[in-house]
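Everything on this sheet refers to the single structure shown next.
The values are calculated or read from the model by the stated rules, or taken from the named source; none is laboratory data. The structure displayed is predicted, hence computed values, not measured ones. We place every Cβ from the backbone using ideal geometry, glycine too, and count neighbours over all the protein chains shown. These area figures cover heavy atoms from the full protein model, side chains too; ligands, DNA and RNA do not enter into them. Shrake-Rupley method; radii C 1.70, N 1.55, O 1.52, S 1.80 Å.
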Amino acid sequence: MIKITKDEIRILLYMVVAVAILACLPLLDQGYILSLGLTIVMYVALCTAWVLFSGPTHYISLATAAFFGLGTYVVGIGIDVLPFPILLIIAALIGGVVSGLVGIATLRLSGVYFVIFTLGMAELIRQIVTWIQTNFTTGIGLYVLTDFSEAHIYWMLLALTVLIFITGWLINRSRLGFAMRIIGNDETVAAHVGIDSAKAKVLLFLISGAYIAVIGAILAPRFAYIEPPSAFNPMISFLVVIMSLMGGTRTLWAPLIGVVPFTLLFDMVSARFPNHSSILLGIAFLLIVYLIPDGLIGRIEGITKRFSKKKERTHE
Amino acid sequence: MEIIITGILLGGAYALIAVGLTIQYGVARIMNLATGETLVASCFCTFWMFNSLKINPILGIFLIAPAAFILNWAIYSLLLLPLVRRAKNKAMLEVDSILATFGILFLLEGLMLVGFGGEYFSYSFLSTSYTIAGTAYGLNRIVAFLAAVLITGTLYVFLTHTRYGTSVRAVAVDPAAAGLVAINVDRVSAFAFALGGVVTAAGGTLLSTFYTFNASMGVVFTMKALIIVIMGGVGDVRGAVIAALILGIAETATATLIDPGLTIAATYFLFILILLFRPQGLFGRQTT
């Protein structure tokens with residue numbers, strides 16, 4: 001067991017305070033700001049779960065919408081039969097099984113295969129769900145009617161985000177996390193010291209997929225009416241990639257820096273110029289590649305480093 | 001029989017898109033995820049030329065091809081070459097090029113959405129029927145297929161029987177070694193990327209003669225093209241053609257026998273089989 005350092009205790013305290021402050025948001029406002037806050041927390045949770053896998057492996061997963069939609073559908077189908085917490089567990093299991101299978105099929109091979117496979121995955125599952133619904137059930141849409149208000153969903157998501165952070169921290173301290181760091185730095189080295197890199201990646205993708213499915217499940221009551229095109233909206237996958245990379249993927253909390261500004265910007269653009277949102281996505285992708293390849297966190301670190309170097313020099 | 005012929009006719013257009021992509025990925029080492037957008041842009045160009053300038057789509061290829069060549073050359077030299085230079089290894093270039101071409105994808109898609117809106121477009125060209133073995137097929141589909149065969153054939157001869165074609169293949173095999181035998185790798189890569197764009201654009205023009213298209217369908221075609229490329233083996237023109245025909249037949253069979261809404265599922269079924277059993281492609285040799 002690795003000892004918990006003082007730094008970690010300090011970060012833990014910061015986190016408790018931050019979460020406590022954020023948890024008060026529904027008490028202040030029940031309207032637009034809470035709704036916006038909910039969207040932000042949703043993307044924070046999604047991005048953190050995404051970075052859990054894509055951060056150390058550098059594999060770009062576009063399957064977010066697929067797992068998200070699966071989670072939403074679990075709740076949509078089961079809400080009248082089973083209690084909500086059990087549905088969340090089922091969502092996690094289904095998300096985990098599907099991501100595990102996808103991982104086994106693709107993660108043994110190079111990254112490109114994985115990207116291509118996940119690119120169409122939301123579309124694939126959407127087609128299958130639509131087909132099953134039109135052929136074996138009465139209608140395409142599902143109603144999710146619960147007593148949950150936006151505040152309840154917000155609190156649940158916040159709690160889940162904390163859980164994802166704790167998971168990420170535990171993974172980092174475990175053998176799996178150590179193996180992932182070596183794989184991320186040099187996969188050949190990892191193979192030589194006897195790490196089964198495919199197994200480690202599949203395991204990590206499974207955890208990430210399960211969490212994303214739970215996020216989808218928690219958000220199902222917010223949509224109230226679920227149909228395949230909205231549940232498996234591929235836009236979610238791309239937004240998560242952009243926000244995470246914009247923040248940076250080396251630490252779990254770096255995506256936070258990308259999520260908040262981009263959610264606000266995207267919300268504004270898609271409300272005022274709905275036809276221009278893809279142009280914004282395009283520009284964001286190009287910006288990330290050419291100007292901030294390490295994310296905003298990389299930029300910030302660069303600036304602070306330069307600043308502290310200057311300080312040292314003046315001391316001398 | 002009807003399924004097989006319809007599938008092969010559809011596969012002809014797929015083959016062009018996939019051959020374009022396989023050249024871009026195989027030689028220039030760029031996984032171009034915006035390839036579907038090149039296709040759709042070409043569909044719109046053909047549509048516009050046919051409706052307002054009354055230019056025959058088949059002749060239109062000769063106008064669209066140079067434009068696509070210049071545009072793709074510019075994209076490679078201005079946007080992608082810096083990434084090739086900065087990449088420390090293959091994996092880094094892969095991630096960078098995927099993200100950059102995603103950017104191009106959304107930018108083009110957004111511009112076309114603003115320009116044309118989200119509606120579906122189609123026009124009527126050679127929409128008379130032609131009978132093969134007792135069943136009628138659209139003449140436009142047959143003409144498009146023959147044109148696709150002609151283009152692929154020309155490309156194949158160019159790659160295997162000319163000096164420049166040989167240097168393109170040399171870069172595909174090993175860029176570092178190609179540089180040693182006095183091949184300008186950067187220029188050949190840019191040329192191959194542009195050539196791939198031309199082939200894809202030609203595929204778009206032919207597709208538009210019989211297919212209903214809209215501004216946001218590019219991604220689906222990109223995905224199909226990628227799956228064909230992997231099925232056929234990266235950089236393998238012959239493999240891409242055969243894989244495209246297989247995919248065309250599989251899709252048509254699924255649409256007629258099971259449900260037209262399951263074509264992607266059929267594509268994925270093939271993809272999973274390939275990933276599990278022959279990840280190096282249908283004709284690829286096992287490495288190590």
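Numerical summary
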read-out: Some residue of the range B:109-131 being modelled with pLDDT of 85 or more and open to solvent by 70 Å² or more (accessible area, probe 1.4 Å); value: yes
read-out: Any hit, the range A:126-134, residues being among the basic types (K, R) and farther than 28 Å from A:F148 by Cβ; value: no
read-out: Unmet requirement for B:G118, which otherwise passes all of (1) within 14 Å of chain A (Cβ to nearest Cβ); (2) assigned to a helix (DSSP H, G or I); value: (2)
read-out: Residue, surrounded by the fewest Cβ atoms within 10 Å (Cβ to Cβ), within the range A:148-170, restricted to residues that are β-branched (V, I, T) and touching a residue at least 24 places away in the same chain (Cβ under 8 Å); value: A:V162
read-out: Criterion violated by A:I33 - all others in (1) in contact (Cβ under 8 Å) with a residue 24 or more places away in the chain; (2) surrounded by fewer than 20 Cβ atoms within 10 Å (Cβ to Cβ) satisfied; value: (1)
read-out: Failed item in (1) open to solvent by 10 Å² or more (accessible area, probe 1.4 Å); (2) touching a residue at least 12 places away in the same chain (Cβ under 8 Å); (3) within 11 Å of chain A (Cβ to nearest Cβ); (4) not β-branched (V, I, T), with B:L257 passing the rest; value: (3)
read-out: Unmet requirement for A:V260, which otherwise passes all of (1) within 14 Å of another protein chain (Cβ to nearest Cβ); (2) under 29 Å from A:V19 (Cα atoms); (3) open to solvent by 50 Å² or more (accessible area, probe 1.4 Å); value: (1)
read-out: Count of residues meeting criterion [open to solvent by 20 Å² or more (accessible area, probe 1.4 Å), under 15 Å from A:L291 (Cα atoms) and within 9 Å of chain A (Cβ to nearest Cβ)] in the range B:81-94; value: 2
read-out: Pairs where the first residue, in the range A:282-293, is more than 8 Å from every other protein chain (Cβ to nearest Cβ) and the second is open to solvent by 70 Å² or more (accessible area, probe 1.4 Å) and modelled with pLDDT under 80, C-beta under 7 Å, 6+ apart; value: A:I292/A:R299
read-out: Some residue of the range A:18-40 being within 12 Å of the chain's Cα centre (by Cα) and either part of a loop (DSSP other than H, G, I, E, B) or among the hydrophobic types (A, V, I, L, M, F, W, C) (or both); value: yes
read-out: Test: B:V234 is touching a helix residue (DSSP H, G or I) at 6+ places or on another chain (Cβ under 6 Å), within 22 Å of B:V157 (Cα to Cα) and open to solvent by 50 Å² or more (accessible area, probe 1.4 Å); value: yes
read-out: Failed condition for B:L262, given (1) open to solvent by 30 Å² or more (accessible area, probe 1.4 Å); (2) without any contact (Cβ under 8 Å) to a residue 12 or more places away in the chain; (3) within 14 Å of chain A (Cβ to nearest Cβ); value: (1)
read-out: Among (1) part of a loop (DSSP other than H, G, I, E, B); (2) touching a helix residue (DSSP H, G or I) at 6+ places or on another chain (Cβ under 7 Å), the one test that A:I4 misses; value: (2)
read-out: Complete set of residues in the range B:84-108 that are among the basic types (K, R) and not in a loop (DSSP other than H, G, I, E, B); value: B:R85, B:R86, B:K90
read-out: Hits in the range B:200-224 (condition: more than 10 Å from chain A (Cβ to nearest Cβ) and in a helix (DSSP H, G or I)); value: B:T200, B:A201, B:A202, B:G203, B:G204, B:T205, B:L206, B:L207, B:S208, B:G218, B:F221
read-out: For A:V241: the one exception among (1) within 14 Å of another protein chain (Cβ to nearest Cβ); (2) part of a helix (DSSP H, G or I); (3) modelled with pLDDT under 85; value: (3)
read-out: Restricting the range A:172-211 to residues that are touching a Ser or Thr at 6+ places or on another chain (Cβ under 6 Å) and within 20 Å of A:I94 (Cα to Cα), the residue that is surrounded by the fewest Cβ atoms within 10 Å (Cβ to Cβ); value: A:L206
read-out: Matching residues, the range A:217-236, being away from chain B (no Cβ under 11 Å), part of a helix (DSSP H, G or I) and either small (G, A, S) or over 16 Å from A:V129 (Cα atoms) (or both); value: A:A217, A:I218, A:L219, A:A220, A:P221, A:R222, A:F223, A:S230, A:A231, A:I236
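Quick grid of which residues meet (1) among the polar types (S, T, N, Q); (2) out of contact with any Pro (no Cβ under 6 Å at 6 or more places or on another chain); (3) within 23 Å of B:W73 (Cβ to Cβ):
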| residue | (1), (2), (3) |
| --- | --- |
| B:G118 | no, yes, no |
| B:L146 | no, yes, no |
| B:V149 | no, yes, no |
| B:T162 | yes, yes, yes |
| B:V173 | no, yes, yes |
| B:F193 | no, yes, yes |
| B:F213 | no, yes, no |
| B:M217 | no, yes, no |
